[in-house]
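The values are calculated or read from the model by the stated rules, or taken from the named source; none is laboratory data. Remember, it's a predicted structure, so these values are computed and weren't measured experimentally. Cβ placement follows ideal geometry from the backbone for every residue including glycine, while neighbour counts extend to all protein chains displayed. Keep in mind that these areas ignore ligands, DNA and RNA; they rest on the heavy atoms of the full protein, side chains included. Shrake-Rupley method; radii C 1.70, N 1.55, O 1.52, S 1.80 Å.
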Amino acid sequence: MNKYAWLVYHKEYDAFLECLRSFGAVHIKSFRPTGELPVIRKLTSEDKRVKLQLDYLDTLLKSEEKREKDASGDPAIRHAGESIDPAAASASLQFPSREEGDKLLGKIENLRDELGKIHTALVSLEKDREIMSVWGDFAYDKIEKLREAGYVITFFSCQTSHYDTTWESKYNAFVINTVQPLTYFITITPSGMEIPVNADRVKMPLKDYKQICSETERENKRKEEAHAELLTTAHQSYGALKALKTDIENELAWNNALVQTKREADKKVMFLEGWIPDDKTAEMEKTLAGEGFYYRKIEITDEDVIPIKLRNNKFTKLFEPVTKLYSLPNYKELDPTPLFAPFFMFFFGLCLGDGGYGLLLIIASILLKRKGKENIKPVATLLLYFGVMTLVVGTVTGTFFGVSIIDMPGLSPVKNYFISNENLMIISLVIGFFHVIYAKFIAAIKIKIQRGLKYSLSAFAWIFVILSLACIFVLPMIHAELPKPVEYILYGIAVIGGAIALFYNTPDKNIFLNFGAGLWTTYNTVSGLVGDVLSYIRLYAIGLTSALLGGVFNSMAIDMTAEINPFIRWLPMLLILLVGHALNIGLSLISSLVHPLRLIYVEYYKNSEFEGGGLDYTPFRKL
């Protein structure tokens, strides 16, 4: 990134901003918060309002498309927001005025409010209908006539076992209905007479059954009409709303540029700063020089927050959402995306760990790539990589849909070539050790780039110390004896590395301060290394759990259907397998995403000394 400043006469500033926006590559430097400014707040509020209604219409249209597809069987699906009428669709793509947009939004909001009120009324009517269905169809006007004659009808319910037949003679009780375990009855008594029965009074609706049914029919008709009007509005106006949102976003960006402009020389000269990628610098200079605007490249200071534009290949670009989920790197450090991407994919495969599940992921990703929309295809590609890695891991560990293929008689000659669970645990720890050392190496490289070689010597020394001591003490545990000369060389490397780590960890300080800091670093490194490496045992544990659960569901399908007739046994077996493995895949997928994320964000980021806090590159351009 390059930092530039522009000085423009105030009468030409609008033309300058339009030129800058058309160029579309300048990230305007922010020196003033914009959230509290009235114009920004107003535009942000409008943008949220439009987005809310667009999301609703998008859901509505997708639901309608699905319904039409299911009804007709036509595989062709109309894209959300595409109008049925081509002329209306063409017109809807024009930018509406703010007044027209406000009216359109008001119409949609009113229709949604009306649908909400209708839904509330229908829920209330349904409750009343359920109450009245117990008592049957009767007219309230007859009850009113009895009241005028001095009699009151009271509605009761009680446990059927508590109903007392003496109430019939004492209080003129009549059983209306019995729906176990309740009995529903009424009493007809003179006005003012107390009715001390062991039963609950029922709060009756104010309408009779016919009225409730009539109102329900009327509300349903209103619902259909409002829904149809809303759907028509969605088809005709979706494009207009999208255009309105684009217009608001452009105005937001324009006003933000004005807010970040400093006014000098009695507000006659406008001063603006911004950032431009290296590959766009020459083009920008040529464009502005042709228009006669003054610019100057200025020096970048340590206080500057430089925007970040990640540059990755097709493979590593798929993992950029993982990086952005935590934080963008700052401008002075390495982009972690290509550095952790292969590990993340490998960790996912180890956690899922079943070749059959990997095969399902591959099939699902292929279908998504063929049938899904453009924004889904990167996710489908990432899913394909995950599926391939899971298939590889499942194959080498011998697990397919919870079945241990290692124990199959036909594979006994090659049984020793599969990785057992015990070996997988050791492999997980080895992977963890390698990944932690790899992260420390990345940290040393980062220090070398940022501060110079002498400041990174201590970080590199720790890597050599750890690797040397690991070879000396760990290799004999796995029966790999080192020749004595090699062992002495490794001891020498460890001693030299330890001396550098203890006495030269901060070149600018004296030897005694370095020694104290080195002792503290030694404690943190040793204790942290053990804990960090042990964290990777989760790769083994989660993969083992996935395989064991798959095996449990297989056993359930066999054992629970053992007594069923062989001709129909396959159906319950299939249901148990489908439900069980679907549940296992769902849980395993969550674990296979969450735990690799933890290993990256905690173990890797900590040991690689990832700082983060980068600002996303957002160029000023017209959408």
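What to note about this one:
- From the list I600, I558, the lone residue that is at pLDDT 90 or above and either open to solvent by less than 60 Å² (accessible area, probe 1.4 Å) or touching a helix residue (DSSP H, G or I) at 6+ places or on another chain (Cβ under 9 Å) (or both) is I600.
- Scanning segment 420-439 for residues that are open to solvent by less than 40 Å² (accessible area, probe 1.4 Å) and under 14 Å from L529 (Cβ atoms) yields G432, H435, V436, I437, A439.
- Counted residues, segment 253-312 - those being of a type in the set (D, E, K, R) and not in a loop (DSSP other than H, G, I, E, B): 13
- Listed by first and then second residue, the pairs with beta-carbon distance under 8 Å, at least 6 apart or on different chains, first residue in segment 115-137 and more than 26 Å from V175 (Cα to Cα), second of a type in the set (D, E, K, R) and open to solvent by 60 Å² or more (accessible area, probe 1.4 Å), are L115/K223; I118/R222; I118/K223; H119/K223; L122/K223.
- Listed by first and then second residue, the pairs linking a residue in segment 535-556 that is within 12 Å of P596 (Cβ to Cβ) to a residue that is part of a helix (DSSP H, G or I) and among the β-branched types (V, I, T), with Cβ atoms under 8 Å apart and 6 or more places separating them unless they lie on different chains, are S535/V602; Y536/I431; L539/I431; G543/V393; G543/T397.
- Residues being under 28 Å from P596 (Cα atoms) and open to solvent by 60 Å² or more (accessible area, probe 1.4 Å) - total across segment 450-468: 2
- In segment 197-212, the qualifying residues are those that are out of contact with any Phe, Trp or Tyr (no Cβ under 9 Å at 6 or more places or on another chain) and buried (at least 16 other Cβ atoms within 10 Å of the Cβ), and the one that is modelled with the lowest pLDDT is P205.
- A search for C-beta distances below 7 Å between a residue of segment 290-317 that is closer than 22 Å to Q450 by Cβ and any residue that is basic (K, R) and surrounded by 11 or more Cβ atoms within 10 Å (Cβ to Cβ), counting only pairs 6+ apart in sequence or on different chains, returns I298/K3; I300/K3; D304/K3.
- Yes/no for R222 being in contact with a strand residue (DSSP E or B) (Cβ under 8 Å, 6 or more places away or on another chain) and either charged (D, E, K, R) or under 30 Å from K62 (Cβ atoms) (or both): no
- Pairs with Cβ under 7 Å, 6+ apart, first in segment 51-69 and within 15 Å of S237 (Cβ to Cβ) and without any contact (Cβ under 8 Å) to a residue 12 or more places away in the chain, second part of a helix (DSSP H, G or I) and open to solvent by 20 Å² or more (accessible area, probe 1.4 Å): none
- Test for I405: is it among the β-branched types (V, I, T) and either more than 22 Å from S555 (Cβ to Cβ) or open to solvent by less than 20 Å² (accessible area, probe 1.4 Å) (or both): no
- Residue within segment 47-62 that is surrounded by fewer than 18 Cβ atoms within 10 Å (Cβ to Cβ), among the hydrophobic types (A, V, I, L, M, F, W, C) and modelled with pLDDT of 80 or more present: yes
- Flag for E219 being open to solvent by less than 80 Å² (accessible area, probe 1.4 Å) and assigned to a strand (DSSP E or B): no
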